[in-house]
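The values are calculated or read from the model by the stated rules, or taken from the named source; none is laboratory data. Being a predicted model, the structure only gives us computed values, none of them experimental. Positions of Cβ are backbone-derived with ideal geometry, glycine not excepted, and every protein chain shown enters the neighbour counts. Remember, those area values only see protein heavy atoms, side chains included, never the ligands or the DNA or RNA. Shrake-Rupley method; radii C 1.70, N 1.55, O 1.52, S 1.80 Å.
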Amino acid sequence: MTDPIVSLKGINIRYGTHHAVRDVSLDIAKGEVVAMVGPSGAGKSTLLRAINMLETPASGTLHVGDFTFALDRPLGQKDLLALRRSTGMVFQQFNLFPHMTVQRNISLPQMRVLGRSREEADRVTARLLERVHLADKAQAYPARLSGGQQQRIAIARALALDPQVMLFDEPTSALDPELGLEVLSVMRELAADGMTMIVVTHEIAFAAEVADRVIVMADGQIIEEGPPEQVIRNPSLPRTQKFFRAILERH
Amino acid sequence: MLDTFLALLHGVPVSLAVTGLAFALGAVLGVPLVLMRRAGHWLPRLLARIYIEIARGIPPVVWLFIIFFGLGSGIVTLTPFQAASLGMGLISAAYLAEIYRGGFLTLPAGQDAAAVALGMTRLDRLRFVLAPQVLRVSIPPMATFLVSLLKDTTVASTIGVRDVMMLVTQQAQAAGGGFAPFISAAVLYILLSIPVALLARKMDARLRARTSR
């Protein structure tokens, strides 16, 4: 792989005595879509949240875009802000700001983080609302929107800062299946546009269709990875076979 | 009785001024206090904790005596009005900091995480994301506190502030007994607190209607 846009080396994350992520290394190419799957408690979300330092690894090296950080000493505030500006994150619970309109949710971070003028930010916001098919909701408050609409706004809010990589933390897990579909459809368009995406998900069908690579985690480690047809259809490990069989039986 | 009541009205501006100044001072000083209380480092947390416990643990009348006769006889000279406003303001800061802290506890954890992930600075997160939401849930308890502050400022008369309570005491002494002045004061304080309660309810309802969740 030439020049990965995201590169993790020897990442360890501990909560007290619990070793949540164990010596994980991972390279992701520009434009690649990676699905991270595995049983709950496997450390998928924890690893994802280390990429923008919402979780603080105890050791390892983190490279995102133009930045490379050694994690054995605390990062400075400036480095942290720069890292987070180059990543966008979408959460399971959407986390829109309830006291702001949809437009302000998307425009305010652009003004404060990138220093865009209000006019410029609102122009970008309008374009992104078109892209997530919610142009008519600019003046609505989040509480008036469905979960699927809120999540699409959250995607637009993250995209507005022109991230180099988008991190999705179980983006459809809090949604009814049909509302999840509209979110997945926006994510599919995003992948087709060439966005680098790392998606923690239980949506195996989505992973099979959209992901370039599927990563299976268990007990804080990557136990299997490869193209979806190989990992999902013909997993090599008994543990992975059992995991996918359990998921397929639920559908 | 009506004469007594009307005479007490002359004390209303002073009572309201002490209450208003103390509340404003407390609302402002409560902000750094709650931030210290929630700091990552233990030292500011401990200092804020000590301040809050001391401010709330000592009766207001004792505070006013300490500030007026203690501080006032030393370096700076304070009028009774200044001493009462300052003293009640310093006490209010402790109560309001605790109200703000309760507001922070009601915020979903994801709100700050989302703002962090967007790359917003600590100050921006507080100013644009956290504080407006904390303030919103703090309005009803702040209004309740304001009403009780209005009543608690009656201790200002003990250091010579010419508020409603001072006039009540004078009227009662002049009348040589009888409880008409006290009944008048009771009615007056109820009348003063009703608008505050109504206003708070209206503000709360308006904010809630817009962002209900």
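I need the Debye-formula profile for the range B:1-123: one equal scatterer per C-alpha, no solvent, reported as log10 I(q)/I(0) at q = 0.09, 0.10, 0.22 1/Å, two decimals.
Log-scaled intensity ratios, in q order: -0.38, -0.45, -1.23.
Can you show me the helix-derived [θ] at 222 nm for chain B, built from DSSP H runs with n ≥ 4 at -39,500 (n - 2.57) apiece and divided by the number of residues, rounded to the nearest 500.
-25000 deg cm²/dmol
Ratio of alpha-carbon Rg to the 2.2 N^0.38 Å globular estimate for chain B, to two decimals, please. Before the final figure, lay out each step's value.
Details: Rg = 20.2 Å, N = 213, 2.2 N^0.38 = 16.9 Å.
Cα-based Rg divided by the globular estimate yields 1.20.
In whole percent, how big is the carbon plus sulfur part of the accessible area of the range B:2-212, probe 1.4 Å, protein atoms only?
That share works out to 72 percent.
Peptide B:55-68: average number of partner chain Cβ atoms within 10 Å per residue?
If you average over the peptide's residues, the count of other-chain Cβ atoms is 0.
Take chain A, connect every pair of alpha-carbon atoms lying under 10 Å apart with a spring to form a Gaussian network, then pick out the residue of A:PRO57, A:PRO177, A:PRO163 with the largest mean-square fluctuation.
A:PRO177
Among the lysines, select those whose C-alpha is under 20 Å from the C-alpha of A:LYS30, and discard any that sit fewer than 8 residues away in the same chain.
Candidates past the 8-residue exclusion: A:LYS9.
Give the angle, between 0 and 90 degrees and rounded to the nearest 10, that separates the Cα long axis of helix B:131-152 from the longest principal axis of the Cα atoms of chain B.
With both axes taken from Cα atoms, the answer is about 20 degrees.
Go ahead and collect, in residue order, the members of the range A:98-139 whose backbone nitrogen is under 13 Å from a label point 7 Å along the Cα-Cβ direction of B:LEU107.
Label zone hits: A:98-99.
With a Förster radius of 56 Å, plug the Cβ-Cβ distance of B:THR144 and A:GLU229 into 1/(1 + (r/R0)^6) and report the FRET value to the nearest 0.05.
That pair, B:THR144 with A:GLU229, gives E of 0.30.
Could you rank A:HIS133, A:HIS63 by how accessible they are, 1.4 Å probe, largest area first?
A:HIS133, A:HIS63
In percent, what relative contact order does chain A have, based on Cα pairs under 8 Å that are 6 or more apart in sequence?
For chain A, the relative contact order is 25 percent.
Averaged over peptide A:108-114, how many Cβ atoms belonging to another chain are found within 10 Å of each residue's Cβ? Show your work: numbers first, answer last.
Numbers: counts 6, 9, 1, 2, 10, 6, 1.
Rounded to a whole number, the mean comes out at 5.
Per-residue mean of other chain beta-carbon atoms within 10 angstrom of the beta-carbon, peptide A:16-26?
0
How long are the semi-axes of the equivalent ellipsoid of the range A:128-201, defined as square roots of 5 times the Cα gyration tensor eigenvalues? Whole Å, largest first.
Numbers: eigenvalues 69, 47, 22 Å².
Semi-axes, largest first: 19, 15, 11 Å.
Give the cross-link partners of A:LYS137 among the lysines, using a straight C-alpha distance below 28 Å as the criterion and excluding same-chain residues fewer than 8 apart.
Qualifying lysines at Cα under 28 Å: B:LYS202.
How far, in degrees from 0 to 90, does helix B:12-37 lean away from the longest principal axis of the Cα atoms of chain B, to the nearest 10?
So the helix axis and the longest Cα principal axis differ by about 30 degrees.
Where does the range A:1-156 land on Rg/Rh, using Cα atoms and the Kirkwood Rh? Please report the intermediate quantities before stating the final value.
Details: Rg = 17.6 Å, Rh = 17.4 Å.
Ratio of gyration radius to Kirkwood radius for the range A:1-156: 1.01.
How do A:THR61, A:THR196, B:THR77 rank by accessible surface area computed with a 1.4 Å probe, from largest to smallest?
Descending accessible area places them as B:THR77, A:THR61, A:THR196.
Taking every Cα atom in the protein assembly as shown, find the radius of gyration and the maximum pairwise distance Dmax, and write them in Å.
Values for the protein assembly as shown (Cα only, Rg and Dmax): 29.4, 100 Å.
Provide the descending list of Cα extents for the range A:69-164 along its principal axes, expressed in whole angstroms.
46, 30, 23
For A:ARG14, what accessible area in Å² do you get when you roll a 1.4 Å probe over the heavy atoms of the protein chains, rounding to the nearest 10?
120 Å²
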